[in-house]
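Beneath this line is the structure, given in structure tokens, with notes to follow.
The values are calculated or read from the model by the stated rules, or taken from the named source; none is laboratory data. Quick caveat: nothing in here was measured; it's all calculated off a predicted structure. A quick note on method: Cβ atoms are made from the backbone with ideal geometry, for glycine too, and the neighbour counts reach across all protein chains shown. Ligands, DNA and RNA are stripped out before the accessible areas are found, and what is left, the full protein with its side chains, is counted by its heavy atoms. Shrake-Rupley method; radii C 1.70, N 1.55, O 1.52, S 1.80 Å.
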Amino acid sequence: MIKQFRLALSLNAPSIDRQKLVVAGILLLAGITHAINMLGFPFYDNAEGTNAASAWALIEHGSLSPYTYSYENPPLGSLVLTIWTVLTSIVPAPDAILSSGRILMLIVHMLITLTIYGIARKLDLSVLFSLVAVVIFSLSPLTIVIQRRVLVENMMTLGVLLAFYLVLGDKRSLTHYGFSAIALGLAFLTDETALLFVPGVLYIILKRSHIWHRRFALVTWTGIALSLILAFPLYAQLKFELFPTGFPLGGSHPHVSLVESQSTQHERVAPGDMLRSDSSFAENVKNWLDSNEDTSDATFMIVGFLSAITILVAAFWVEWVRPLALLLIFYLVYLITLLRVFDTNIMPLLPLFAISIGVVLQTGALLLHKYVTDKTTRYGLYAVVAIPLFIVFTATYIQRSEIYSVNQVEEQIRATDWLRTHAEFESVIVTDNYAFVDLRETIPNTHYYWTVDNDPEVRNEVLQDNWCNIDFVLTTPQMLEDMDANRLRLIETAYINSTLLRSYENNGWPIEIREVNKRNCNIPFQ
Amino acid sequence: MKRFIIFTLLILVATGLFNLTTVSAQPDDRPSEMLMSSPGVTRAQALDALATFGEFQLSGQSMENTENLSAPATVARVSTNAVNGANDFIFKNHAVASEVFILICLFFLLPQGIFTVYWMLFAWNDPEKMDEFQSPKHYSAPQFSFTALLPARKEEMVIKDTIYAVNAIDYPEHLKEILILIRDDDDDGTIAQANEAIAELGNPNIRLVTFTDGPRNKPNGLNRGLAVTSNNVVCIFDAEDEPHPELYHIVNTVMQRDGADVVQSGVQLMNHDSTWFSALNCLEYFFWFKSGLHFFTRMLNVTPLGGNTVFFKKEWLDRIGGWDEGLLTEDADVGIRMSSQGAKIQIVYDAQHVTQEETPATVEDFIKQRTRWSQGFYEIFAKGDWKQLPSFKQKLGATYILLNPLLQAAMILYLPLGIFVALTQRVTLALAVASYIPLGILLIEMLITMAGILEFAATYEKRLPRLFLAKMALVHYPFQILLAVASFRAIYRFITGHSAWEKTTHSNMHRTSATVRTESVS
């Protein structure tokens, strides 16, 4: 056992056969942890529904959104999901976009896990500690919940990690740098926050590329990445939607704008409010640490965050951790200063946290190896660190066994089916986005609750700014929270004036189907 | 030069203005576009109301203003729809044509652009292989005998220095020979300068070969030289060349070590700051000789040889019958013919050993030189010897090389045209975005060129003036326009049968004061 441990600790590369075995093991682990019950847990959430709706709109209408495309995310994620849906429709696979999308996320997750191993190895982590990073990441309930969901953050994270992996290590050719730039460019076209990882990747090229081709490596990477990144604003400008109305090149007609949408989405918190306990970031930290929340893993978050801080401090003196530190610092600062944080925003940090844990543990082990000469004491100290960590992580993961057993999707589908069967073709339905595609295919006047108040076309033209034109409301806890927090007055009034038709407990994510009561329609709207 | 800049600016301004005016009339921008999708308005109603729309037009109402008219709002809406319907027909047809245009251009320009970027960077791709692209460090014992062919015409300014430079090549005297090849009908100045050099040097291995018959071009002179030499290896230097003293040793080593039948050594333009385009011209040579030729030779097994500092085993020149006197780029033709016959061609580029040359002094000279090369390539393509290359890959490579001037010109022409079409025609949005890909490739090429000038400066220990990179970025596209002009001029001359040799003037700009013999002697 000790011999094997020492072998694993050695920095030598394993033999090709062992390497293959390790890779197969990683894929198996990532595949199993992700795949078991992935179509049953977690529930289909609103963001997944939005992505599915975009894919549906592309397939059915060739447009990027069923409504006005508002530039909240670049379009590549939807495009990938669309292509995947079309491809899987010709082979036996779940026909719903969301369940099909979850299979795509399984592949994404396996690739991310493999890339984490690759990056860890290239950062000179031993096989053992690279595997520690992989296991922590792959078994984390937080990772599993976010990664099972059909989210652009997952695809973006894969792109960023690939870009990082390709520039790391010796014997890098310009081809590697070119593909890295493509990976990062595509990651950006999936989710614009990929931009925050550019300094880290450029730093590696600047410091680690061979002097023989450094200049060309830098310009090739920059040129390719820039060309891809600029496609997004170019797309917007071709539609005359880059700048807001009234700005130079923005025109005078009212329209959505990329600049406006992105500024709102990435709005910064005021410096004084950054550390307030009720800030959006602080609220999400509480969620990530609260074991009652689906998107939580206190152990991983705490150990990962502490490891990341260690890396950031060490980066002042230790050059080889600087690339990792640069990847961490920009995104961490971005997240802390973001005005509106979502729980899935943590995703790109999770692989970096896992790698940081591996780096810190290996460095600790090497330091002990160097300074503690007595073998018994040394292995004793190894045990003192490893056993508690093992117990804490295992306890956390066992505690969250519901991710492998509980079904939160079945009743969501039953609710949608019920409404599809019982509502009339002309009915106007307002729903959480998870049900949008299924309902819209049968009942054309189905609308996403967010657009009812915020899209002038839906509010004024379809509903004529009158809640009485709504017939049914399908609610989820997310929808109720948004109604309350964002003062969505039209849908809120419809909700207040509705009666419950059906409710589904749905293992902690209750769904209600309500019929809007029209008898108060003559009362002037407040 | 001034005329060229004014012409370029005028084209750019005109294109820009045209874009701006037509963009404002883009169909998507009109309220009628929105109304078209309004429920309850049929095309028949729209057509019925066409006359009403005419009244609005006559009364000076803009289409936007019809939005605010309350009384005849319905009529106005229907009217705009009617016009939109008519426009729809026109635009739909335009859309198909525009989309086909963009797709065809992308089909050719996208692979061409990626391919160009790839060969430009080929030598730098893998640091593990960097030694493979450099000259040998240790030399073999002299085995091959060399004859340097020095064709010259109206080169009295430079020929003497060049004879001295070639004579200074370090190699056993009995294994080297210089033949100066001059047409003896209207070039007394060059002949006098050559005789003066021969007399001053007093070397019996330097001979002047004059002739009066045959075409008035370089291959004719080269064939004269080939006919009178019996050495193992024949090489060519241009009248302004400054070969490195160790060049014969390098070639002798490569021919022995690798069994090469032909060795192309590097040629480099050096005067990067003498004109606005000279840096980009220098970089063309830099990328071509240091990287491109390696790529074509190794990856595609087809080599368009350069016009000088190229070394042939004489038996191979005899086997293919020497140079084709009917072509303007006999050098590239020889390379392709030898590739098709299986000659082993080796490329050697080392900054230390390159033959130094100068850029054309004026835009006019540059265009003439580039026209000659492009026309020569088209001639070779039309001649069709490349079809005898054994593999499809080689044929494809030869096609790319020979038609590259045309493809590059098409790329330059496409940029304003493609942008114009994407902005003004109703093409699919995805295709409109895709139509900008060549612009992205041009951006990448520009960045590579800027890195290239830094590499060039570091390699040859040149100092770059302040803001040089900014200047290069500014002139990058105008330089591409120069190439495009030359390319299209070449097509015109090729089609109309103009094949007279347009000589490039040389003025010793590439030689520093220390290396110009005439100055040091006097």
- Query: Which of the following residues is at the interface with chain A (Cβ under 9 Å from one of its Cβ atoms) and surrounded by fewer than 21 Cβ atoms within 10 Å (Cβ to Cβ): B:Ala457, B:Ala430, B:Ala473, B:Ala451?
  - Reply: B:Ala430
- Message: If a residue counts only when it is more than 20 Å from B:Val267 (Cα to Cα) and open to solvent by 10 Å² or more (accessible area, probe 1.4 Å), which strands (runs of 3 or more DSSP E) contained entirely in the range B:142-241 have at least 3 such residues?
- Response: B:176-183, B:206-211
- Task: Go through the range B:135-147 and count every residue that is at pLDDT below 95 and under 22 Å from B:Asp238 (Cα atoms).
- Result: 1
- Task: Consider A:Phe342 carefully, then state whether it is aromatic (Phe, Trp, Tyr) and under 18 Å from the mean Cα position of the chain (by Cα).
- Result: yes
- Single residue of the range B:465-481 satisfying the filter (free of Cβ contacts under 8 Å to residues at least 60 places away in the same chain and assigned to a loop (DSSP other than H, G, I, E, B)) that is farthest from B:Ala409 (Cα to Cα): B:Arg466
- Item | Scope the range B:310-322; condition open to solvent by less than 10 Å² (accessible area, probe 1.4 Å) and among the hydrophobic types (A, V, I, L, M, F, W, C); matching residues | B:Val310, B:Phe311, B:Phe312, B:Leu317
- Message: Suppose we filter the range A:496-508 for residues that are assigned to a strand (DSSP E or B) and either touching a Gly at 6+ places or on another chain (Cβ under 9 Å) or over 23 Å from A:Arg519 (Cβ atoms) (or both); how many remain?
- Response: 1
- Out of A:Pro233, A:Pro244, A:Pro248, sole residue that is under 22 Å from B:Leu431 (Cα atoms) and more than 9 Å from every other protein chain (Cβ to nearest Cβ): A:Pro233
- Message: Looking only at helices (runs of 4 or more DSSP H) that lie completely in the range B:316-426, which have at least 1 residues being under 30 Å from B:Tyr164 (Cα atoms)?
- Response: B:330-340, B:363-383
- Item | Subset of the range B:356-382 that is closer than 19 Å to B:Ala279 by Cβ and of a type in the set (Ser, Thr, Tyr) - its residue that is most open to solvent (accessible area, probe 1.4 Å) | B:Thr362
- Item | Unmet requirement for B:Gly307, which otherwise passes all of (1) open to solvent by 10 Å² or more (accessible area, probe 1.4 Å); (2) under 25 Å from B:Phe286 (Cβ atoms); (3) outside any loop (DSSP other than H, G, I, E, B) | (3)
- Message: Name the residue that is farthest from the other protein chains (Cβ to nearest Cβ), counting only residues in the range B:433-448 that are open to solvent by 20 Å² or more (accessible area, probe 1.4 Å) and either within 17 Å of B:Ala97 (Cβ to Cβ) or assigned to a loop (DSSP other than H, G, I, E, B) (or both).
- Response: B:Ala434
- Task: Tell me the helices (runs of 4 or more DSSP H) entirely within the range A:188-294 that contain at least 1 residues that are open to solvent by less than 30 Å² (accessible area, probe 1.4 Å) and farther than 30 Å from A:Thr68 by Cβ.
- Result: A:198-208, A:214-229, A:280-289
- Query: Is it true that some residue in the range A:154-168 is within 14 Å of chain B (Cβ to nearest Cβ), surrounded by fewer than 24 Cβ atoms within 10 Å (Cβ to Cβ) and assigned to a helix (DSSP H, G or I)?
  - Reply: no
- Kindly provide the set of residues from the range A:449-473 that are over 20 Å from A:His255 (Cα atoms) and within 30 Å of the chain's Cα centre (by Cα), ordered by number. A:Tyr449, A:Val473
- In this structure, is B:Thr74 surrounded by fewer than 20 Cβ atoms within 10 Å (Cβ to Cβ), at pLDDT below 90, more than 29 Å from B:Arg298 (Cβ to Cβ) and among the hydroxyl-bearing types (Ser, Thr, Tyr)? yes
- So how many residues does the range B:176-196 have that are touching a helix residue (DSSP H, G or I) at 6+ places or on another chain (Cβ under 8 Å) and within 16 Å of B:Leu149 (Cβ to Cβ)? 9
- Might you check whether a residue that is closer than 26 Å to A:Arg268 by Cα and open to solvent by 40 Å² or more (accessible area, probe 1.4 Å) occurs anywhere in the range A:343-365? yes
- Answer yes if at least one residue in the range A:88-108 is surrounded by 21 or more Cβ atoms within 10 Å (Cβ to Cβ), within 20 Å of A:Pro323 (Cβ to Cβ) and modelled with pLDDT of 95 or more, and no otherwise. no
- Query: Out of B:Leu103, B:Leu110, which single residue is within 14 Å of another protein chain (Cβ to nearest Cβ) and open to solvent by 10 Å² or more (accessible area, probe 1.4 Å)?
  - Reply: B:Leu110
- Note on the structure: Taking the range B:89-100 and the residues there that are open to solvent by 70 Å² or more (accessible area, probe 1.4 Å) and of a type in the set (A, V, I, L, M), the one that is modelled with the highest pLDDT would be B:Val100
- All-but-one check, B:Glu132 against (1) closer than 30 Å to B:Val433 by Cα; (2) within 14 Å of another protein chain (Cβ to nearest Cβ); (3) modelled with pLDDT under 90, failing number (1)
- Item | Filter result (out of contact with any Pro (no Cβ under 7 Å at 6 or more places or on another chain), within 14 Å of chain A (Cβ to nearest Cβ) and surrounded by 20 or more Cβ atoms within 10 Å (Cβ to Cβ)) within the range B:393-423 | B:Val421, B:Ala422
